[in-house]
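Quick notes on the structure that follows.
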Amino acid sequence: MLALDIRNLNKKYVHFQLKDVSFQLEKGYIMGFIGANGAGKTTTIKSILNLIQADSGEIRVLGKSMAEHELELKQEIGSAFGNIDFYTRSKIKTLTNVVKTFYRNWDDETYYKYLKKFNLIEDKKIAELSTGMKVKYSLALALSHGAKLLVLDEPTSGLDPVARDDLLDTFQELVQDGEISILFSTHITSDLEKCADYITYIHNGRIINSSEKEAFSEAYRLLNGSMEQLDLVKSRLIAYKTNSFGFTGLIHAKDFDPSSGIKSTLPNLEEIMIYYSKMEGTYV
């Protein structure tokens with residue numbers, strides 16, 4: 001069963017647009033949603049949650065249309081955006097008492113378990129929380145009403161390395177029984193190396209690739225060669241950089257001939273993002 005099924009999502013602004021965004025997340029898995037700032041991650045996530053109105057396309061959550069079953073499905077979705085810009089003068093417990101009234105399956109025991117896990121103090125005001133603590137509080141809320149799908153925008157942003165590692169461990173624990181699925185956007189690719197099962201990469205409003213983590217990297221090769229060798233492959237490269245020793249460039253694995261004598265390695269997620277950012281044009 002698909003936890004999330006996005007088909008041909010489009011949203012146009014004056015200087016940016018999502019263009020036929022499509023990807024699927026299987027139930028019980030973690031998907032990392034990557035892309036440079038401004039690539040369309042937050043726009044896609046807000047469209048999924050119907051916080052902004054998409055121009056066209058279909059969004060299905062747990063097999064049901066978001067457009068037709070929004071109120072019902074939002075009981076099954078937990079979301080967090082890494083910041084809280086409302087009720088900042090209120091204490092944590094005051095805001096929680098407001099939020100919990102919207103969820104029929106709210107569980108105080110679960111909520112207090114995550115407060116303790118995240119070292120959150122109920123009597124603190126929202127305005128007194130660091131960015132990292134706001135992320136943790138948003139997650140405590142998202143995890144406390146029996147959500148089957150977590151949709152998280154930059155949840156590890158602002159966390160120190162130890163706190164990030166603990167949070168990623170929590171993600172892995174949540175999906176162990178196969179009932180909860182997680183989509184989270186990030187630009188910290190090392191987080192995905194640890195916990196993601198699938199990777200979806202968006203660039204300039206289009207999905208470049210969406211696949212299992214291992215298959216994602218294996219779809220590319222990072223080449224190192226001389227300037228003479230660059231002339232042989234330049235037209236097939238996604239992007240490249242030159243230096244005094246020659247060039248390094250990213251290429252689709254299907255476009256690379258191993259018999260060319262050019263040295264190749266598997267790129268990591270960060271290298272793929274960097275080279276796509278240097279690509280001429282908007283989409284390949």
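A few notes on this one:
- Residue in the stretch 1-24 that is surrounded by the most Cβ atoms within 10 Å (Cβ to Cβ), counting only those that are in contact (Cβ under 8 Å) with a residue 60 or more places away in the chain and closer than 17 Å to I199 by Cα: A3
- Any hit, the stretch 145-164, residues being surrounded by 20 or more Cβ atoms within 10 Å (Cβ to Cβ), in contact (Cβ under 8 Å) with a residue 40 or more places away in the chain and farther than 27 Å from E26 by Cβ: no
- Within the stretch 143-170, considering residues that are in contact with a Phe, Trp or Tyr (Cβ under 9 Å, 6 or more places away or on another chain) and part of a helix (DSSP H, G or I), the one modelled with the lowest pLDDT: A163
- Any chance L269 is at pLDDT 95 or above and of a type in the set (A, V, I, L, M, F, W, C): no
- Within the option set Y137, Y112, being part of a helix (DSSP H, G or I), aromatic (F, W, Y) and surrounded by fewer than 18 Cβ atoms within 10 Å (Cβ to Cβ) holds for one residue only, Y112.
- Of all residues assigned to the stretch 123-131, none qualifies as being of a type in the set (K, R), modelled with pLDDT under 95 and crowded, with 16+ Cβ neighbours inside 10 Å.
- Condition check for D177 on (1) modelled with pLDDT of 85 or more; (2) within 17 Å of the chain's Cα centre (by Cα): one failure, at (2).
- Residue selected from the stretch 248-284 under the condition without any contact (Cβ under 8 Å) to a residue 24 or more places away in the chain and part of a loop (DSSP other than H, G, I, E, B), by the criterion surrounded by the most Cβ atoms within 10 Å (Cβ to Cβ): D257
- Of the criteria (1) touching a helix residue (DSSP H, G or I) at 6+ places or on another chain (Cβ under 6 Å); (2) touching a residue at least 60 places away in the same chain (Cβ under 8 Å), which one I59 fails: (2)
- Boolean, S130 is in contact (Cβ under 8 Å) with a residue 24 or more places away in the chain, in contact with a helix residue (DSSP H, G or I) (Cβ under 9 Å, 6 or more places away or on another chain) and among the polar types (S, T, N, Q): no
- Residue that is modelled with the lowest pLDDT [pool: residues in the stretch 180-200 that are in contact with a Lys or Arg (Cβ under 8 Å, 6 or more places away or on another chain) and of a type in the set (A, V, I, L, M, F, W, C)]: I188
- Residue ranges of strands (runs of 3 or more DSSP E) in the stretch 171-247 with at least 1 members aromatic (F, W, Y) and touching an Asp or Glu at 6+ places or on another chain (Cβ under 7 Å): 198-203
The values are calculated or read from the model by the stated rules, or taken from the named source; none is laboratory data. In this text the structure is predicted, and so the values were computed from the model without any measurement. Note that we place each Cβ from the backbone using ideal geometry, even for glycine, and neighbour counts take in every protein chain shown.
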